[in-house]
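Everything on this sheet refers to the single structure shown next.
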Amino acid sequence: MSDLDLDNDTIRDFDEMWFHHSSQLITMRNISPKRAAATSLALLRRVFTDDKAFESWLIRKGLPVSVPE
């Protein structure tokens, strides 16, 4: 397995975490998909703050790496 394969697996993992957590929030909390996605992304940012793979994933998604507090 090459580094590229590992990178793709990491990207897929973040995509899956974001999607599944957002889906759970929609189902359990009955909130809008947009709000669920934002809430889930905020949690991912807290959990993976110093993770370079997460930072790379944010860049590939076109999302800001740092969020003003």
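Just add up the charged neighbours of ILE26: K/R +1, D/E -1, any other residue whose Cβ is under 12 Å from the Cβ of ILE26. Please report the intermediate quantities before stating the final value.
Values: positive: ARG29, LYS34, ARG35; negative: none.
Around ILE26, the charge tally is +3.
With the crude spin-label approximation of a point 7 Å out along Cα→Cβ, what separation in nm comes out for LEU43 versus ARG12?
2.3 nm
R0 = 35 Å: FRET efficiency of ILE31 with LYS52, Cβ-based, nearest 0.05? Can you show the working numbers first?
On the way: r = 31 Å, r/R0 = 0.88.
That pair, ILE31 with LYS52, gives E of 0.70.
We did not get these values from a lab; they are worked out from the coordinates using the rules stated. Everything numeric here is computed off the predicted structure, so don't read it as measured data. Ideal geometry is used to build each Cβ from the backbone, glycine not excepted, and the neighbour counts take in all protein chains shown.
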